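Data block below; observations after.
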Amino acid sequence: MRLKSKRAKKVESSTFRLPLGSKLKLDVMNSKHERTFLDGRVRVMVGDITKQDVDAIVNAANSSLLGGGGVDGAIHRAGGPEILEACREIRRTRFPEGLPTGEAVITTAGKMPALYVIHTVGPIYGEHRGQEAELLANCYHNSLTLAVEKNLTSIAFPAISTGVYGYPLEEAAVVSSKTIENFLSTDRQLKEVRLVFFQPRDVEAFLDHQKFSE
């Protein structure tokens, strides 16, 4: 007997019907705020990072790895205590002083549809002596590298550092898009990289400033 995968079990749910007018409005909004690049390997969208059905989602963590606000808190709440337990073990065995900015580590995703969470610490804008762009690029590059090392084929990112860390979304769009394209230009394993934004205006800002070549 063939067993269902963890992801297949998680995404099962009862169906429901939207009123016709609501569905039409939703379709229009989705088409306006969703776009693909690099022959479909990169997908930009509005959504909930905790509900992405991919191999790994990326957590915009703080250096303690013990949870916090924003995306970090949402991921810990959605995934459950397994994530915190794994993060505590990483702190105990590998990073007793905390995860350095730009580095990335991987844990279980607990109860979420994804299989793994890749935790990375973004730069606080204005506090790294002009190295913010390099550190933000490291967040994306090291997360993608870790995904490939784990033989994963799909990954979803939030907009790292653009919340309470104050990184301007327009500048972050340039850094993230260039870093992702540079990585994918030499990698053939990753089939989908999702960039998941919390609200439509963030997608619009990203699309206006991204530097993907196609």
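The values are calculated or read from the model by the stated rules, or taken from the named source; none is laboratory data. Remember, predicted model here, so these are calculated numbers, not experimental data. Using ideal geometry, Cβ is built from the backbone for each residue, glycine included, and neighbour counts are taken over all protein chains shown.
Out of the stretch 135-172, which residues are acidic (Asp, Glu) and in contact with a helix residue (DSSP H, G or I) (Cβ under 9 Å, 6 or more places away or on another chain)?
Keep residues of the stretch 135-172 that are acidic (Asp, Glu), which gives 149, 170-171.
Matches in the stretch 135-172: Glu170, Glu171.
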> Among the numbered criteria (1) farther than 29 Å from Asn182 by Cβ; (2) of a type in the set (A, V, I, L, M, F, W, C); (3) touching a residue at least 60 places away in the same chain (Cβ under 8 Å), which single criterion is violated by Leu115?
Replying inline: (1)
> Limited to the stretch 41-82, what total is found for residues that are free of Cβ contacts under 8 Å to residues at least 40 places away in the same chain and over 15 Å from Val105 (Cβ atoms)?
Replying inline: 7
> With respect to Phe157, is the statement that it is closer than 21 Å to Ala205 by Cα, among the aromatic types (Phe, Trp, Tyr) and in contact with a Leu (Cβ under 7 Å, 6 or more places away or on another chain) true?
Replying inline: yes
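Which residue, of Cys87, Cys139, is in contact with a Gly (Cβ under 7 Å, 6 or more places away or on another chain) and at pLDDT 95 or above? Explain how you work it out, then say what you get.
On the way: Cys87 fails: in contact with a Gly (Cβ under 7 Å, 6 or more places away or on another chain).
Selected residue: Cys139, the only one of Cys87, Cys139 that is in contact with a Gly (Cβ under 7 Å, 6 or more places away or on another chain) and at pLDDT 95 or above.
Looking only at the stretch 90-123, filter to residues that are basic (Lys, Arg) and surrounded by fewer than 16 Cβ atoms within 10 Å (Cβ to Cβ); which one of those is nearest to the chain's Cα centre (by Cα)?
Checking each candidate, the answer is Lys111.
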> Can you name the residue in the stretch 53-70 that is buried (at least 23 other Cβ atoms within 10 Å of the Cβ) and of a type outside the set (Gly, Ala, Ser) and is also farthest from Ala114 (Cα to Cα) among such residues?
Replying inline: Leu65
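For (1) in contact with a Ser or Thr (Cβ under 6 Å, 6 or more places away or on another chain); (2) modelled with pLDDT of 95 or more; (3) closer than 22 Å to Val46 by Cβ, each residue gets a yes or a no:
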{"position": "Pro123", "(1), (2), (3)": "yes, yes, no"}
{"position": "Glu134", "(1), (2), (3)": "no, yes, no"}
{"position": "Ala147", "(1), (2), (3)": "no, yes, no"}
{"position": "Ala156", "(1), (2), (3)": "no, yes, yes"}
{"position": "Ile160", "(1), (2), (3)": "no, yes, yes"}
{"position": "Gly166", "(1), (2), (3)": "no, yes, yes"}
{"position": "Phe197", "(1), (2), (3)": "no, yes, yes"}
> Just wondering, is there one or more residues in the stretch 77-89 that are within 17 Å of the chain's Cα centre (by Cα) and surrounded by fewer than 22 Cβ atoms within 10 Å (Cβ to Cβ)?
Replying inline: yes
